[in-house]
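A.B. asks: Quick one: this structure, given as structure tokens, is what I'll be asking you about.
The values are calculated or read from the model by the stated rules, or taken from the named source; none is laboratory data. All figures in this text were calculated on a predicted structure; none of them were measured in a lab. Note: ideal-geometry Cβ built from the backbone for every residue, glycine included; neighbour counts use all protein chains shown.
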Amino acid sequence: MKSTKIIFFLILASLFQYCKEKGDPKALESVKTIEIQVDVLKGDSPEFIPEKLDSINLELPGNPPLTSIQDLVFSQNFFLLLDRKQGLLKFDNNGKFLLKIGEFGEGPDEYAMPYAVQLDEKKNIVYVADWQKMVILTYSLEGNFESTSSKLPGHPISFYKENDSLLVVQETINGTKEQPREVIISSLKPNSLEIVNGESPVYSFHSNFTTIHPIPRILSRVRNSSLFYMPIILGEISSHSDRDSIFRKQGGRLSPEYLLHFIGFDNTLQLGINQMVMSDAYAFLRVVYDNRSYFLGIDLESNSPPIHLKKLFNQEMTDEMIPKPFKGDVYYSILRDKENALEKNPQLVFYRVPEASN
């Protein structure tokens, strides 16, 4: 037991060594532990029961076929959908296709691999992160190209708005088991797209993941505190670990806020977190153990035991169905027709989780 604690603190010390803003060791005293028992995955446990509110059918006449939805942002009168093959699309709130924004290509006004979007309605622009080109492009909501940034330090995978700054989460170019990828968080000036801290990012840290982008949503806000999930568990037998962390921004540094402690798992078998979506009250994750996927919801406010996401709306769970925050205690999921998943466009289903508001 003592050796396990020593290893954990060594991991944390190593992580902070790579952070540009070092944390206070005293902050470890305030860490909240969330226990995830192996029995929760394999046995009976409370299930996540949604209260369905509304839905948007994307299978309307004239709508382009949607293959894989990469990102979504919502406005009062429309929403923007980023599809891996179709690009950035604008729909009205009834699900009717309005226009395509930008095009695939190698030109300075085109994106090669759009990965995330950020909406600024006041300025009438949308930011598009191009993972392949390592730049940020902006377009008007009418579909006109506006500008592009200089090359970023890493491949952008998500945005995060913090006061007047636009933070861009990136992963570095190369990653191996011996030299894992680095996660870099840079700040951009929203108007000029200038990298404020190109030589010295806001944060940077190393992860055992060789590829970070399957878990793009590593930033969130809970009780007015900015939270950062830093992927540590790789998900391979050779790097099995039973602990992972969610960090809190405290002043100019990162401090451990939640310790995810996996209890009762066989350390000779694969264990990893392969998806993580954080909201104001919950963290939703897909845990892979012994080559099987398990979907869980964790109440970050009450630290109650994890809730099992065995099914939502009578369908087996997929990554698209992991609850994503919409507004307040309302969430949405991407729901596909299980009989014609490849032929039909999905629905966007909105629902409330009563437990999250109590």
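A.B. asks: Please count how many residues of the stretch 103-128 are of a type outside the set (D, E), within 15 Å of T148 (Cβ to Cβ), in contact with a strand residue (DSSP E or B) (Cβ under 7 Å, 6 or more places away or on another chain) and in a loop (DSSP other than H, G, I, E, B).
C.D. replies: 3
A.B. asks: Which condition number does I36 fail, the rest of (1) in contact with a strand residue (DSSP E or B) (Cβ under 7 Å, 6 or more places away or on another chain); (2) over 19 Å from V277 (Cβ atoms); (3) in contact (Cβ under 8 Å) with a residue 40 or more places away in the chain being met?
C.D. replies: The single condition I36 does not satisfy is (2).
A.B. asks: Continuing with this model, one more query. Does the stretch 295-328 hold any residues that are acidic (D, E) and either within 22 Å of L259 (Cα to Cα) or more than 16 Å from the chain's Cα centre (by Cα) (or both), and which are they?
C.D. replies: Matches in the stretch 295-328: D299, E301, E316.
A.B. asks: Does K151 meet the test of being without any contact (Cβ under 8 Å) to a residue 60 or more places away in the chain, crowded, with 21+ Cβ neighbours inside 10 Å and not in a strand (DSSP E or B)?
C.D. replies: no
A.B. asks: Turning to a different aspect of this structure: Mind checking whether some residue in the stretch 324-335 is surrounded by fewer than 14 Cβ atoms within 10 Å (Cβ to Cβ), out of contact with any strand residue (DSSP E or B) (no Cβ under 9 Å at 6 or more places or on another chain), at pLDDT 85 or above and in the same structural domain as V31 (by TED's automatic domain parsing)?
C.D. replies: No, the stretch 324-335 contains no residue that is surrounded by fewer than 14 Cβ atoms within 10 Å (Cβ to Cβ), out of contact with any strand residue (DSSP E or B) (no Cβ under 9 Å at 6 or more places or on another chain), at pLDDT 85 or above and in the same structural domain as V31 (by TED's automatic domain parsing).
A.B. asks: A further question on this structure: Return the residues of the stretch 68-93 that are farther than 21 Å from F313 by Cα and not in a strand (DSSP E or B); say none if nothing qualifies.
C.D. replies: S75, Q76, N77, R84, K85, Q86, N93
A.B. asks: Quick check on my filter: what residues within the stretch 91-126 are over 12 Å from Y139 (Cα atoms) and either touching a helix residue (DSSP H, G or I) at 6+ places or on another chain (Cβ under 7 Å) or of a type in the set (D, E, K, R) (or both)?
C.D. replies: Matches in the stretch 91-126: D92, K96, E106, K122.
A.B. asks: Let me ask something else. Please count how many residues of the stretch 76-109 are acidic (D, E) and without any contact (Cβ under 8 Å) to a residue 12 or more places away in the chain.
C.D. replies: Matching residues across the stretch 76-109 total 1.
A.B. asks: Can you give me the number of residues within the stretch 286-313 that are surrounded by fewer than 18 Cβ atoms within 10 Å (Cβ to Cβ), in contact with a Lys or Arg (Cβ under 9 Å, 6 or more places away or on another chain) and part of a loop (DSSP other than H, G, I, E, B)?
C.D. replies: Final tally of qualifying residues: 3.
A.B. asks: Any idea which residue in the stretch 312-326 is nearest to K52 (Cα to Cα), counting only those that are touching a residue at least 40 places away in the same chain (Cβ under 8 Å) and of a type outside the set (A, V, I, L, M, F, W, C)?
C.D. replies: Going through the qualifying residues, I end up with P323.
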